[in-house]
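The values are calculated or read from the model by the stated rules, or taken from the named source; none is laboratory data. The model shown is predicted, which means the values in this text are computed figures rather than measured ones. Reconstructed Cβ throughout: ideal geometry from the backbone, glycine too, with neighbour counts over all protein chains shown. Side chains are part of the model used for accessible areas, which takes the heavy atoms of the whole protein and leaves out ligands, DNA and RNA. Shrake-Rupley method; radii C 1.70, N 1.55, O 1.52, S 1.80 Å.
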Amino acid sequence: MTTSNGPERGDGSPSEENTDPKSDGRPSNFIERLIEEDNKTGRFGGKVHTRFPPEPNGYLHIGHAKSICLNFALAIKFGGKCNLRFDDTNPTTEDEEYVRSIQEDVRWLGFDWEDRLFYASDFFEELYAFAVKLVRKGKAYVDNLSADDISRHRGSLYEPGRESPHRERSVEENLDLLARMRKGEFDEGTHVLRAKIDMASPNLNLRDPVLYRIRKAAHHRTGTRWVIYPLYDFAHGQCDSLEGITHSICTLEFENHRALYDWFCQELEIHHPQQIEFARLNLTYAVMSKRKLLRLVKDSHVHGWNDPRMLTISGLRRRGYTPEALRSFCDEIGVTKFNSVIDMVVLENALRTDLNRRAPRFMAAVRPLKVVVENYPEGQSEEVEAINNPEDPAAGMRKMPFSRVLYIERDDFMEDPPKKFFRLAPGREVRLRYAYFVKCTGVVKDPTTGEVVEVRCTYDPATKGGDARDGRKVKATLHWVSASHAITAEVRLYNHLFSAEHPEDVPEGQDFLVNLNPNSLEVLPNAKLEPAIAGAAPGFRCQFERLGYFCVDTDSRPGRLVFNRSVTLKDDWSKIQKRDGA
RNA sequence: UGCCGGAUCGUCUAAUUGGUAGGACAACAGACUCUGAAUCUGUGUGUCGGGGUUCAAGUCCCUGUCCGGCAACCA
């Protein structure tokens, strides 16, 4: 066997080396420029330490991948480190399951936090001490206004807020109240700790933000040890500080929180990282918010978080995406503060580019159409040699069985073809890749439906291997499989989950679900595959020639392979069809 | 009516910080081709508007317009 690249697991590693960020020296985005500036002035002693800080309340998606790549690549590029930190300050929404999946996803993407795995909950004691310090300084107070009242006192975007009647409690009373909050003496919602800043600030985040709330819920790590939990603003920056983060990179919606971030670091007199905001990733034909993804899962519009139509990392992984493709995508789209929407084809193209280079090719008729080669002896078969990967000579060759009855792709035959169709049609000759030229002599139709159920052909023995020695040309080369040797598999074709380019643009009163694409999944239970692929294991990726890149799904069972279409090949013919408005 | 941020080809993104507006993707055309793939070649009236400074402005100043975010005891 000359095959050197047979089906094997495609989830992993040997060839999937980490592609480091471009190191052409020049900063490639505004964040790198800011860091270079800090390094020049010695602001952090030339140190660069970033972190990826997910909340374990959902699965990671492609937007997180952008952040992960950014943070880890920055650390690599500047010779620093990047931590993984779970921002687990809200016990009611967080779960161990997410902690597990997030770590798996970050690792799969190719990044390593080494021994620097942190949890905000690791710092609950320190955070509490910070709160006490603030109270002692007269910069925080316990309020027992209701949530509604606090909200009402906050004012509006256009009017200043009003101070709480409890704002001027004594330090002693505040200390006492805070201690009793911690001890669990009060019910949820009755008391909060608030910073004392400025109820008239034009930045609403500075209107005495809540620092701690009472939540008598079990935390996935600290159990019932705590009944008060810090809010994001009071946890995030201080955790950054405690971990020695230098550059705290987050998305644009936290821009207005930076003033608070800075205020805490100053008042607490602790190491003060620089918060830098960038625009989150948006893609056409997709939604990205965790809330909406959760909705898709909970309402069963998809089959779970790792449904291959989901742009979660686990969904993309199952779909057949490679870490390399995702990384190069993230690199390609850049980092700015501009609220942009990336065309989905950019993502798809990143996968094509990666897989074209290294995916072995196979033949598969996913919508098989029977072809009988009339002048090929019944019961006879032979083997033809096929190239495993024309982009990679080292991938070698394999043999494919050829015989009298074959399957071709239904789309490759038309009884009455339009002008630009140059595949098989009555009277026309085409090449069966690596095998022979065949000429269509007729069709057999279903007498009731009129549907073509069989194509009749003759082959030219002189064209063996696919070459016509007489210099004869054909306009098309088709993929095919031998019917008696083929294996049957299920193939799942995926299309955009949403049919609208911007699914969230909906008329008043409707929501993004109206834009769900009813044809996002098409299951073809009777695809015919060449036998060489029979042993493929889940995760194995390959190209089905002329169709696209596919991978073996985890739903596969012995004797029953299931393939996911990861992405189609580019297809000029379908473009012509669309343009000529078929 | 407030605060913060943003605006460069269709889309994303560069521009040595005041000195030839470039790349990628898309699109189109062609070459090549045993994948209508890949590859190669070619194709662009793009700096939000109006003023100003300057020999020179995407970059600086003034002014306007449009877009996004912000009023959880979520992150």
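Structural remarks
- C-alpha center-to-center spacing [the range A:438-515, the range A:335-353] in angstrom: 29
- Protection proxy ranking, peptides A:216-226, A:482-492, average beta carbon neighbours within 10 Å, highest first: A:482-492, A:216-226
- Under the shape rule built on the C-alpha gyration tensor, where the axes satisfy a ≥ b ≥ c, the range A:410-536 is prolate, since a/c reaches at least 1.5 and a/b is greater than b/c.
- Per-residue SASA remark: A:D233, around 30 Å² accessible (1.4 Å probe; ligands, DNA and RNA not included).
- Charged-residue dipole, Cβ positions (Lys, Arg, Asp, Glu), chain A about Cα centre, Debye nearest 20: 1140
- Largest accessible area first, the listed residues A:R423, A:R154 line up as A:R154, A:R423 when surface is computed with a 1.4 Å probe on the assembled protein chains.
- Excluding same-chain neighbours fewer than eight residues apart, the aspartates and glutamates reachable from A:K77 by a Cα-Cα span under 18 Å are A:E17, A:D20, A:D24, A:E32, A:E36, A:E37, A:D38, A:D112, A:E114, A:E324, A:D331, A:E332.
- Accessible surface comparison of A:T284, A:T93, A:T477, A:T41, probe 1.4 Å, protein chains only, largest first: the order is A:T41, A:T93, A:T477, A:T284.
- Across the protein chains, with a 1.4 Å probe defining accessible surface, the residues A:K292, A:K475 rank A:K475, A:K292 from largest area downward.
- Each of A:Y229, A:G155, A:S170 was placed along the dipole of the range A:126-229 (beta-carbon charges, centred on the mean Cα), and the one lying farthest toward the positive end is A:Y229.
- The C-alpha atoms of chain A define a longest principal axis, and helix A:96-109 lies at about 60 degrees to it.
- Cβ-Cβ distance of A:E504 and A:T92, R₀ of 41 Å, FRET efficiency by 1/(1 + (r/R0)^6): the value works out to about 0.95.
- Remark on A:T251: its backbone amide H falls under 5 Å from those of A:F278, a criterion applied only to residues 5 or more positions apart or on other chains, H modelled at 1.01 Å from N.
- Pairs from the table (A:K66/A:K139; A:K399/A:K419; A:K81/A:K139; A:K420/A:K445; A:K528/A:K578; A:K40/A:K137) lying more than 32 angstrom apart at Cα are A:K66/A:K139; A:K399/A:K419; A:K81/A:K139; A:K40/A:K137.
- Three principal axis lengths of the range A:469-558 [C-alpha, angstrom, descending]: 65, 41, 20
- The calculated 222 nm mean residue ellipticity attributable to helices in chain A amounts to -8000 deg cm²/dmol, summing -39500 (n - 2.57) over DSSP H runs of n ≥ 4 and dividing by all residues.
- A:T336 versus A:R107: modelled label distance in nm, points set 7 Å from Cα along the beta carbon direction: 3.7
- For A:K298, the lysines whose Cα comes closer than 24 Å to its Cα, not counting residues fewer than 8 places off in the same chain, are A:K290.
- Relative contact order of chain A, pairs being alpha-carbon contacts under 8 Å that are 6 or more residues apart, as %: 14
- Using distinct alpha-carbon pairs, which all enter the 1/r mean, Kirkwood radius of chain A in Å: 27.7
- FRET efficiency, 1/(1 + (r/R0)^6) with R0 25 Å, evaluated for A:S381 and A:E522 via beta carbons: 0.20
- About the centre of its Cα atoms, the range A:126-229 shows a dipole size close to 420 debye [charges on the beta carbon of Lys, Arg (+1) and Asp, Glu (-1) only; nearest 20 debye].
- Accessible area of A:F78 (1.4 Å probe, protein heavy atoms only, ligands and nucleic acids ignored): about 40 Å².
- Computed from Cα positions, the angle between helix A:258-268 and the longest principal axis of chain A comes to roughly 40 degrees.
- Size descriptor for the range A:362-485, Kirkwood hydrodynamic radius: 15.0 Å (Cα pairs only, one decimal).
- The share of accessible area on chain A that comes from carbon and sulfur is 49 percent, using a 1.4 angstrom probe.
- Annotation: A:W263 carries an accessible surface of approximately 40 Å², with a 1.4 Å probe and no ligand, DNA or RNA atoms counted.
- Separation of alpha-carbon centers, the range A:142-162 and the range A:53-106, rounded to whole Å: 33
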